[in-house]
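What follows is calculated from the coordinates using simple rules that are stated; it is not laboratory data. Here the structure is a predicted model, which means the values were calculated and not measured. Every residue, glycine as well, gets a Cβ built from its backbone with ideal geometry; the counts of neighbours run over all protein chains shown.
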Amino acid sequence: MFKSYLTTAWRNIKKNKIFSFINIAGLAIGMAACLLILQYVNFELSYDQFNKNISDVYRVYNDRYQNGKLIQHGTITYSAIGKAMQDDYPEVINHARVEPFGNVIITYDNKKFGEQQVIGVDNSFLTMFSYQLIAGDQKTALKEPFTAVITETAANRYFGVHDNNIG
């Protein structure tokens, strides 16, 4: 029975080639678009899910209007916004600012490591986000000015540290 259905479908495809091509191409394009949309949605819902406080973390956006028209929409806000929100709203428990510094040159022992991505954060950043540290204490890691938290790969590159012998 199934074989006869396939035979009939094949005969219709051969008989109506252009119509069949349009239908099959439309189905393929629709399926490809659906898969791309599902992949995008899956990515958007997956990042930052490692954070145990994900349901309590929010990002502040700044919309600037001029003459009733939106001229800027983004995450660039004033530095005092976090503190002001924490003071004004009891729901805001903590705040952290994140400032990308871009590419910088790191110097250690007369060696220069160029074009390293650096991000500046407040000392409350590690208490808000669930990043696991290999060495050091999360509560005191960023308390002092000009301190840094680096990845294991960066520690290997800069200091020649291997096999979790850090600290």
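Under the definition of Cα pairs under 8 Å and six or more residues apart, what whole-number percent is the relative contact order of the range 29-156? Present the calculation step by step, with values, prior to reporting the outcome.
Values: 113 pairs, mean separation 20.5, N = 128.
It comes to 16 percent, rounded to a whole number.
Computed FRET efficiency, Cβ-Cβ of residue 99 and residue 1, R0 45 Å: what is it to the nearest 0.05?
Working: r = 68 Å, r/R0 = 1.51.
Computed FRET efficiency for residue 99 and residue 1 comes out at 0.10.
Computed from the coordinates I sent, Rg/Rh (Cα atoms, Kirkwood Rh) equals one of (1) 1.22; (2) 0.92; (3) 0.94. Tell me the label.
(1)
What is the set of long-range amide H partners of residue 161 at a cut-off below 5 Å, with H atoms built 1.01 Å from backbone N?
156
Please give the contour-minus-distance gain from residue 35 to residue 75: 0.36 nm per residue of separation, less the Cα-Cα distance, rounded to one decimal in nm. Numbers along the way, then the final one.
On the way: separation 40, 0.36 × 40 = 14.40 nm, distance 2.97 nm.
Gain in length upon complete extension: 11.4 nm.
Excluding same-chain residues fewer than 8 positions from residue 139, which lysines have a Cα within less than 21 Å of its Cα?
52, 83
Quick one: pull the percentage of alpha-carbon pairs in the range 96-167 with a separation above 21 Å. Please report the intermediate quantities before stating the final value.
Working: 795 of 2556 pairs.
When every Cα pair of the range 96-167 is considered, 31 percent fall beyond 21 Å.
So how do 150, 71 line up by other beta-carbon neighbours within 10 Å, fewest first?
71, 150
What is the packing order of peptides 84-94, 101-111, taking the mean over residues of other C-beta atoms within 10 Å and listing the highest first? All intermediate terms of the calculation are to be shown ahead of the outcome.
Numbers: 84-94: 11.5, 101-111: 10.0.
Highest mean packing first, the order is 84-94, 101-111.
Using DSSP H assignments, which helices in the chain have an axial alpha-carbon span of 30 Å or above and a mean Kyte-Doolittle hydropathy of 0.5 or higher?
On the way: long enough: 17-46 (43 Å, 1.47).
Membrane-span-like by this criterion, though nothing is claimed about a membrane: 17-46.
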